[in-house]
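A short worksheet on the structure shown next.
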Amino acid sequence: MNNNLNILVADDDMVSREIATRMLKKMGIRADVAANGLEAIHAVTEQTYDMVLMDVQMPIMDGIEAPKIITKRWPQGPKIIVVTDCVPNLYRELCFNAGACEFITKPVRMKELAMAILRYSPPNAEQAL
């Protein structure tokens, strides 16, 4: 996997952030973290990210509102991949309407996450599983 990708993990649960960052590390990707949607917006303002892995239910600003703001301000990226334990039937369409490009349910499977990252990586990125 391309270790030049810049990925932000936005999740209020410390254990979920740790799991996500460890999975990414196994893929050769270092990630930054944010504890809520507002922190994610601040991070995207300060640095260019290729992707944001975003939980839905977070305090201060959730994973529905934050993607709306991010995709409005930065229409060319970053790609937002929702990673959540929310019920897909209730939240999938809301997330896509908010600007997410992928919806992954927890517990996250490494292969599913890797495929989503490959699918939405920049075209010039060298990638190999």
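Quick notes
- Residue under evaluation Phe103, criteria (1) touching a Lys or Arg at 6+ places or on another chain (Cβ under 9 Å); (2) closer than 17 Å to Asn6 by Cβ, criterion not met: (2)
- Of the listed requirements (1) without any contact (Cβ under 8 Å) to a residue 24 or more places away in the chain; (2) over 16 Å from Ser121 (Cβ atoms); (3) not basic (Lys, Arg), Ile19 misses just one: (1).
- Restricting Arg109, Arg119, Arg30, Arg22 to residues that are charged (D, E, K, R), farther than 23 Å from Asn4 by Cβ and either buried (at least 16 other Cβ atoms within 10 Å of the Cβ) or within 15 Å of the chain's Cα centre (by Cα) (or both) narrows the list to Arg109.
- Residue among Ile69, Ile104, Ile80, Ile41 that is outside any loop (DSSP other than H, G, I, E, B), touching a Gly at 6+ places or on another chain (Cβ under 7 Å) and surrounded by 15 or more Cβ atoms within 10 Å (Cβ to Cβ): Ile80
Quick grid of which residues meet (1) on the phi < 0 side of the Ramachandran plot; (2) touching a strand residue (DSSP E or B) at 6+ places or on another chain (Cβ under 9 Å); (3) without any contact (Cβ under 8 Å) to a residue 60 or more places away in the chain:
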| residue | (1), (2), (3) |
| --- | --- |
| Leu5 | yes, yes, no |
| His42 | yes, yes, yes |
| Thr45 | yes, no, yes |
| Tyr49 | yes, yes, yes |
| Gln57 | yes, yes, yes |
| Arg92 | yes, yes, yes |
| Cys95 | yes, yes, yes |
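All of the numbers you see were taken from the coordinates with simple rules; none came from a lab. Given the structure is predicted, the values throughout are model-derived calculations rather than measurements. Note that we place each Cβ from the backbone using ideal geometry, even for glycine, and neighbour counts take in every protein chain shown.
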